[in-house]
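Step one of this worksheet: look at the structure below.
Rule-based calculations on the coordinates, nothing more; no lab input. Fair warning: this is a prediction, and the values are worked out from it, not measured in the lab. In this analysis, Cβ positions are derived from the backbone assuming ideal geometry, glycine residues included, and neighbour counts consider all displayed protein chains.
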Amino acid sequence: MWSGTLKDSLLIETIVQDIEKSKNLEVLNYCFEDSMKAIKKRYPDFDEKDVTGLLNVAIGLYNYQNREKVELVITAPSGFGLKARNTGMVIYDMISNAKESITITGYSISDYVSDLIDLIIDKSRKGVYVNLYLNEYENKKDQLQKLFIFNNRYIKIYNYNKNEKDRMASLHAKVIVADRRYAFISSSNLSYHGFESNIELGVMLDSPKKSSEIEEMLKKLVTWKVFSRISIG
């Protein structure tokens, strides 16, 4: 629990704003002028070396706190002994542990993941918001019928609007985002072969920044009418 003074809080806020400004501007030799002034004001007895040292520690702590973690995720025969997490287990863990929101993009969804649909419905009934982006929704109505039966305000389904100039174009991304923090990007479909018998490769990101960027990108695509919301009421 934070027990510092208001002056400490203002100093921390100044340093964090400076760090984020430097990242947004992508300037190699950003001078952190505001932070340097704030440190000198808070600690008037500090010399230049002390000020620089404290600023470097603060930057290091910020970067450590906001570091991104990346894990390799695969579907492959168990005998291969590859050091990576299993596709199906990652997906089930993400959805099971979601506390606030789940976003899924699906190119192909089969009956094999019916228990996953049950889990998604259960999470929505517990107040977790679910956004499902689909390719050719009409071909998946049977697999998603349960979503209609257990219709509630926490589930939103979007369908990819076909490009009349290129009928072969599709939503081909396979992405799951949980709680705007964890993002799973994979070649795997939500199907038996995607979970069990294909060779599939993906990455699991523990990154609030990248996860939020994915969410915002999908929202923009809805605004641009690349996707249309489907009523399940």
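If you keep only loop residues by DSSP, which chymotrypsin sites (Phe, Trp or Tyr not before Pro) in region 158-229 have at most 11 other Cβ atoms within 10 Å of their Cβ?
For chymotrypsin sites (Phe, Trp or Tyr not before Pro) across region 158-229 that sit outside H, G, I, E and B with at most 11 neighbouring Cβ atoms in 10 Å, the list reads W224.
Loop only per DSSP, at most 15 neighbouring Cβ atoms within 10 Å: give me the GluC sites (Glu not before Pro) in region 45-130, ordered by residue number.
Sparse-neighbourhood loop GluC sites (Glu not before Pro): E68, E100.
With loop defined by DSSP as not H, G, I, E or B, and exposure as at most 10 other Cβ atoms within 10 Å, which is the longest segment of the chain clear of exposed trypsin sites (Lys or Arg not before Pro)? Walk me through the numbers on the way to the answer.
Numbers: sites that count: R67, K83, K126, R153, K165, R167, K225.
So the longest stretch without any such site is 1-66.
Can you tell me how region 160-233 classifies by the Cα gyration tensor, rounded, prolate or oblate, using a/c under 1.5 as the rounded cut?
oblate
GluC sites (Glu not before Pro) within region 118-217: which are DSSP loop residues with at most 16 other Cβ atoms inside 10 Å?
Values: sites: E136, E138, E164, E196, E200, E213, E215, E216; in loops: E136, E164.
Filter output for region 118-217: E136, E164.
Looking at the chain only, what percent of DSSP beta bridges run antiparallel? Nearest 5 please.
On the way: 26 of 40 bridges.
Around 65 percent of the beta bridges assigned by DSSP in the chain are antiparallel ones.
What angle, in degrees between 0 and 90 and rounded to the nearest 10, separates the Cα long axis of helix 33-42 from the longest principal axis of the Cα atoms of the chain?
The angle comes out at about 60 degrees.
Give the whole-number value, in cubic angstrom per residue, of the convex hull volume spanned by the C-alpha atoms of region 74-113.
100 Å³
Per DSSP helix of 4 or more residues, -39500 (n - 2.57); summed, then divided by the residues of the chain. What does that give at 222 nm, rounded to the nearest 500?
Value at 222 nm, helices only: -12500 deg cm²/dmol.
In terms of the Cα gyration tensor, with a ≥ b ≥ c the square roots of its eigenvalues, is region 45-103 rounded because a/c is under 1.5, prolate because a/b exceeds b/c, or oblate?
Taking the square roots of the gyration eigenvalues as a ≥ b ≥ c, region 45-103 is oblate.
If the reach is capped at under 17 angstrom between alpha carbons, list the lysines near K146, excluding any in the same chain fewer than eight residues apart.
K123, K126, K156
For the chain, what is the Kirkwood estimate of the hydrodynamic radius, computed as the reciprocal of the mean inverse distance between distinct Cα atoms, to one decimal in Å?
About 20.7 Å for the chain.
When a/c reaches 1.5 or more, the comparison of a/b and b/c decides; with that in mind, is region 57-146 rounded, prolate or oblate per its Cα gyration tensor? Walk me through the numbers on the way to the answer.
Working: a/c = 2.43, a/b = 1.44, b/c = 1.69.
Note, shape of region 57-146 comes out oblate.
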